[in-house]
Amino acid sequence: MEDVVVIGAGLSGLTAAQALHQAGYRVVVVDKSRGLGGRLATRRIGSTAIDHGCRYLQPIENSNHSSKHHSNLSLISDLVAAGILQPWQPESFELGADGELKATAKVTLYAAPQGMSSMAKALAPGLTIHRQWRATAITPIPQGWQVEGDVLGAAGQPKAFTARGLVVAIPAPQAAALMHRAAQVSEGVQALLCQLSSVVYDAVVTVMAGYGSGELARLPGQTDSGGWMVSSDAHPTWRWIALDSSKRTDPQEPVVVLHSSPTFAANSLDQNDLEPLGQALLLEAAHLAVWMLSPNWSQVHRWRYGFVHQALGAPFLSNPAVPNLVGCGDWCNGGNVEGAIASGHAAAAALAKTLG
Ligand SMILES: Cc1cc2nc3c(=O)[nH]c(=O)nc-3n(C[C@H](O)[C@H](O)[C@H](O)COP(=O)(O)OP(=O)(O)OC[C@H]3O[C@@H](n4cnc5c(N)ncnc54)[C@H](O)[C@@H]3O)c2cc1C
C-alpha cells in the first residue's frame, strides 16, 4: 500500500507528487500517456522539437492578475537557471475579427529550446511513475483508495494500486468519468462530481507544419528577421499562430504551429478524420501569408480539453466527507500553467494535513 497515488503526470500532478515526495510520503504517479507533461506537449519529428501544446510562459508580476495566482517569476528564474527556459521575443501581431493584422509591442516570453515538455521532466526526478497506465475507476476502501486501470504499455505493471490518499490531477470531465462509480457509494464523491460539472473547457485544433530548409517563413509587415507570433481573441478561425522553430537554438527548418479558435474547434468535435481540418486551417492561413498553404509536411492534433473556459473557482477540489481525496489542475482556479502549479501545491498541502 502506497501513501499517495497521483493520477495524471501533467504539471499539476507532478507538482503535487514532488511536494508530497519531498515531504517524505511514498508516492506513485500514473499517466495514460507515453510522455510526461500532459498539455506541456512536445512532438519530435526527426530531430525537430515542436510544441503543439503549451507555447510559452509569460512573466506575471502582479498578484492581482485575473488568474488570482502568485507571481510566477521565481519559477521562471529557476527554470532559466537550470537551462530549461530561455527568453523568447517574437515580433508580435494581433489579428482582428476582420482578418486585419496589427503589430503590437514586443514582449519577453520564456520558451524551452528542447521543447516545453522538458519543464515536466525537470519535476520528475525521484518519483515512481507508471506511464501508459490509464486509471479507469477509483473505489473507497477502509484504509483509503483503490485505483484500477488499464496497462497500455509494458506488461508486468500492476493492474491496481491502493493508497491512503489520492490526488486526481486530470482534466475535470475525465476526473468526473473516473469518479462515477465511487459516487454511487460515497456522498462525498457525489458532491465532488457536482462541483466538477461546473468546469468548462475550450477545445483547440492544432496544426504543425514544416516548410523546408530554404524557405523564408515571414509575415507581411514583419520588420525583424527572427521569430513571430500572431494572437487573436476575436477571429473566427484563429487563436494563435507562430514560427515555433524560432524557439530552438539550432532550427533545422521553419516550423509553424497554428492553434484554432474555440469556435472552429467546437464545430469540428464530432469529426474523426483530422486531416481535412488541417487542410482547412492551412487554406485559411494562406490569407495571412500565401506560403503557409504549401508545407512540406504537416500534422494535426485535437485538444478536446485545451484551455479552461470556466474554472471551479477554488485552489483545489475537495470535500470534507472525503478528505483523503483531492483534485488539482488548471481547471481549479484557471491560470494555465501557473494555475496548474499553484493548484498542485495547494492540493498536496491539504492532503498532507489529512494524512498527517
Ligand atoms: C494548445 C495549447 C496551448 C497552450 N498554451 C499555453 C501557454 O502558452 N502558456 C500557458 O501557461 N498555458 C498554456 N496552455 C495551457 C497549459 O498547457 C495547461 O494549463 C497546463 O499544462 C495544464 O496542466 P494540468 O496538469 O492541469 O493538466 P494536463 O497537462 O492536461 O495533465 C493531465 C494529465 O493527466 C493524464 N490523464 C488523463 N486522464 C488520465 C487517466 N484516466 N489515467 C491516467 N492519466 C490520465 C494526461 O495524459 C495528462 O498527462 C496551453 C494549452 C493548450 C492545449
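The values are calculated or read from the model by the stated rules, or taken from the named source; none is laboratory data. All of these numbers come straight from a predicted model, not from anything done at the bench. Here Cβ is always computed from backbone atoms with ideal geometry, including for glycine, and neighbour counts include all displayed protein chains.
Data for the structure
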{"item": "Filter result for the condition that a residue is surrounded by fewer than 18 Cβ atoms within 10 Å (Cβ to Cβ) and either within 15 Å of the ligand (Cβ to nearest atom) or within 17 Å of GLY53 (Cβ to Cβ) (or both), over LEU274, LEU281, LEU258", "result": "LEU274"}
{"item": "Residue in the range 202-223 that is touching a residue at least 40 places away in the same chain (Cβ under 8 Å) and within 30 Å of ASN319 (Cα to Cα) present", "result": "yes"}
{"item": "Test result for SER118, in contact (Cβ under 8 Å) with a residue 24 or more places away in the chain, crowded, with 17+ Cβ neighbours inside 10 Å and farther than 30 Å from ASN319 by Cβ", "result": "yes"}
{"item": "Matching residues in the range 121-137 - criterion: being in contact (Cβ under 8 Å) with a residue 60 or more places away in the chain and either aromatic (Phe, Trp, Tyr) or in a strand (DSSP E or B) (or both)", "result": "THR128, ILE129, HIS130, TRP133, ARG134, ALA135"}
{"item": "Lone qualifier among LEU293, LEU355 - being more than 18 Å from the chain's Cα centre (by Cα), within 23 Å of ARG43 (Cα to Cα) and either at pLDDT 95 or above or assigned by TED's automatic domain parsing to the domain that holds ALA19 (or both)", "result": "LEU293"}
{"item": "Single residue of the range 27-55 satisfying the filter (of a type in the set (Val, Ile, Thr) and closer than 24 Å to VAL151 by Cβ) that is farthest from the ligand (Cβ to nearest atom)", "result": "VAL27"}
{"item": "Looking only at the range 339-356, and only at residues there that are in contact (Cβ under 8 Å) with a residue 40 or more places away in the chain and surrounded by fewer than 24 Cβ atoms within 10 Å (Cβ to Cβ), the one that is nearest to the ligand (Cβ to nearest atom)", "result": "HIS345"}
{"item": "Selection count, the range 312-356, where residues are farther than 30 Å from VAL256 by Cβ, outside any strand (DSSP E or B) and not aromatic (Phe, Trp, Tyr)", "result": "29"}
{"item": "Search result, residues across the range 308-323 that are crowded, with 18+ Cβ neighbours inside 10 Å and within 15 Å of the ligand (Cβ to nearest atom)", "result": "VAL308, ALA311, LEU312, PRO315, PHE316, LEU317"}
{"item": "Residue, farthest from the ligand (Cβ to nearest atom), within the range 324-336, restricted to residues that are surrounded by fewer than 24 Cβ atoms within 10 Å (Cβ to Cβ) and either basic (Lys, Arg) or more than 20 Å from ALA23 (Cα to Cα) (or both)", "result": "ASN333"}
